[in-house]
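Nothing in this text is a laboratory measurement; each read-out follows from the coordinates by a stated rule. As the structure is a computational prediction, the values presented were derived from the model and not from experiment. So basically every Cβ, Gly included, is an ideal-geometry build from the backbone, and we count neighbours across all protein chains shown.
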Amino acid sequence: MRTNIRTLILIILLSIIPTLLLWAPFFLRLEKFWNIPLPQAGMATIVSNFDGPLYILVAKTFYDSHAIQELFANLPSIYFAAHFPLFPLTINAISKLTLDYPYALIASSSLSSIFAIYYFYLLAKNQNSREALFLTFVFAVFPARWLIVRSIGSPEPLFIGAILASVYYFQKKKYITSGIFGALAQLTKSAGILLFFAYLLFLILPKISRFPLIKNQPFFSFSHLRKYYGLLIIPFSLILLFAFYKLRMNDFFAYFHTGDNIHLFFPPFQVFNHSSPWVGTFWLEEIIFIYVLAAFGIIRLVKRKLYLFASIAGVFLLSIIFVAHRDISRYILPAAPFLLLSYFDILTSKEFKIVLVFIIIPIYLFSLSFISQNTMPISNWTPYL
């Protein structure tokens, strides 16, 4: 018991300390850090990072069109259907503890980060219990985009934490619990449905590979599938959410009518079209490295027979090749924990530990610079308090 409590405390510290170090220059209102100029708005810089304030508005109005227009008339109320409800619900719940909404926003992200990092530790422990804690430290700070989203008001920590919990209980053959956490992921971000597709892929692929060997037998039997019925909670939760949108906004498909929020385009790799509205640059070479590391990581997972992890990472990689958005590193984040596990042997080597000491500074500086610039222009904070 003492060991478990000590491990949990270490995981909490691994989650909180990097975030506090990122917050420190803003909290102290430093004019510069390492020659990087910083805004003088204090913690308001953290809170105003995209899309945190928009989730505050959902938390306060819960998709009520009239309330949204009273607080924030700059966008049509249906736009907020793109911001799924679970993260705003956590913000609202935490705000009841006498916290203002902006502080509840970052408190929710911080608590969700602990949740995500804890379940990553459990999955890593199943792979290599001796190095699991070190790999958890790696996940706490890498990739840098992950460190950023969990240090601002963002649904990604809750989303990724729910995915990791779902996968953990799937491996434990607790399929109803897995489905419940998968539904929580689905109610956090629209991409949650990809987890359900990944589970289907994992279940179907072995059948396809053995299909030529099977004679006079059904491809699938209900008896075989019965134990996985709990996973149907995931798509069912999406249907319920759309039904809720119908009641609240009079539009079952409100999510698909939110405007320029869905960045899927055909043919693939439209992210390299510099004229795309959410790209706007030709400085994109690092995206190729993301594709390479992700694809190679998936191959490594397959070679190690970690087919469930490979299915999840593969489905998310397949989806992002159709995304035309500059921030590909954020879109690939749900696959990042599984890709880290694919490189387990490399990331726990002595050589990488030396490399980590080297890259920890640029990770911090990049994160600091990104957060300082990725802010919504908010002149009046009244609607968000």
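Per DSSP H run of n ≥ 4, the term is -39500 (n - 2.57); total these for the chain, divide by its residue number, and report the mean residue ellipticity at 222 nm rounded to 500 deg cm²/dmol.
-19500 deg cm²/dmol
Which ordering of ILE94, ILE160, ILE233, ILE299 is given by a fewest-first count of other beta-carbon atoms within 10 Å?
Least crowded to most crowded, the residues run ILE299, ILE94, ILE233, ILE160.
Identify, among PRO337, ILE148, TYR307, the residue whose Cα sits farthest towards the positive end of the charge dipole of the chain, taking +1 on the Cβ of Lys and Arg and -1 on the Cβ of Asp and Glu, with the dipole about the Cα centre.
Checking the options against the dipole of the chain, the answer is TYR307.
Quick one, which of (i) 19.3; (ii) 21.8; (iii) 17.3 is the actual mean projected area of the Cα convex hull in nm² calculated for this model?
Read-out from the structure maps to (ii).
How far apart, in nanometres, would the label points at PHE27 and PHE366 be if each is projected 7 angstrom from Cα along the Cα-to-Cβ direction?
Placing both labels 7 Å along Cα→Cβ, they lie 2.5 nm apart.
Loop sites only, by DSSP: take the trypsin sites (Lys or Arg not before Pro) in the chain that have at most 15 other C-beta atoms within 10 Å and name the longest stretch containing none of them.
So the longest stretch without any such site is 216-303.
Quote the charge dipole size of the range 62-166 about the Cα centre in Debye, to the nearest 20; the model charges only the Cβ of Lys and Arg (+1) and of Asp and Glu (-1).
400 debye
Could you line up SER65, SER113, SER15, SER129 from fewest to most neighbouring Cβ atoms inside 10 Å?
SER129, SER65, SER15, SER113
Over the residues of the range 238-385, compute the C-alpha Rg and express it relative to 2.2 N^0.38 Å.
1.31
Would you mind getting me the FRET efficiency between GLN171 and ASP345? Use the beta-carbon distance for r and R0 = 25 Å, nearest 0.05.
0.80
Using per-residue counts of other Cβ atoms within 10 Å, averaged over each peptide, order 79-89, 366-376 from highest down.
Answer by packing, highest mean first, reads 79-89, 366-376.
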